[in-house]
Amino acid sequence: MIERTKFPGFTFLYTFLIALCLSSCHACQAQQPDSSTQTDGYTYKRPSSGGTGKVYMGREIAAIMTATGGNWLDRDSRQEEENSPRTIENMNLAPNTVVADIGAGTGFYTFQIAPKVPAGKVYAVEVQDRFVKSLESRRSKEGADNVIVVKGDSQQVNLPAGAIDIALMVDVYHELSYPKEILQAIHRALKSDGKLLLLEYKAEDPDVRIRALHKMTAEQIKKELEANGFRLQRQEDFLPIQHFMLFEKVEKTEGN
């Protein structure tokens, strides 16, 4: 278990997420469609605090963090809390690996990965215009020529088919408005032996002081990804507050 005193950023993180969720309350209400526009595989209910009211496989989807949360993504305590160098080390990247950072935000992972793949590429996929502009600016400032910024949307990652060796989502999946559609889009973008790495805050650990809808159990993650063409290849417990779950693409067979 994690000692709270070891990670002083938790209190700020928890408070910050509360503020973000409250500020997005109106947006959560607006996401509820009428019955004529419901998407297959989703159900709807009255939104919980910090939630959207949209439910996928028994899990209420959390309200998205807006671009106003950019400073939090680059907080000083993040390296200590998440140990991103250890995550990147365990991605087993080669110099020519092609990576997709889905929900790249301010590029916290994108620009740490880019030097590891000098002959490869890092696609930084974002849906929010302010983050897209920030990523473009940082790419230019750092001369990261192997970083390609991509504007995605709620149902598409807009990546070339069969081009990606490994896709990465860090504390993003639980906020996807259309998780099924995004997983299927990532599945198409991966090479036949491609991988998808998910990092999500551990719902099983009460010492991880993140609001409930912004955490996931390993069991729930596995259930949702297996339903969309992925198989768990490796699960590690070396990160302080997050699950490290690496999935492999399962090729669809005829009739499936």
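Derivation of every value follows stated rules applied to the coordinates shown; laboratory data play no part. Everything quoted here is computed from the prediction, not taken from an experiment. Neighbour counts run over all protein chains shown; Cβ positions are idealised from the backbone, glycine included.
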Test of understanding: what is the full-extension gain from LYS116 to ARG130, defined as 0.36 nm times their sequence separation minus their Cα-Cα distance? 2.4 nm
Take the Cβ-Cβ distance between ALA227 and GLU248 as r, set R0 to 22 Å, and report the resulting FRET efficiency rounded to the nearest 0.05. 0.90
DSSP-loop chymotrypsin sites (Phe, Trp or Tyr not before Pro) across region 145-253, with at most 12 other Cβ within 10 angstrom: PHE238
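Across region 44-191, how many lysine pairs, 8 or more positions apart or on different chains, have C-alpha atoms separated by under 17 Å? Please give the number.
Eligible lysine pairs with Cα atoms under 17 Å apart amount to 6.
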Gyration tensor verdict on region 100-256 (Cα atoms; rounded if a/c is under 1.5, prolate if a/b is larger than b/c, oblate otherwise): oblate
Starting from the amide H of LEU197, placed 1.01 Å from N in the peptide plane, find each other amide H under 5 Å away whose residue is 5 or more places distant or on another chain. ALA167, LEU168, MET169, PHE247
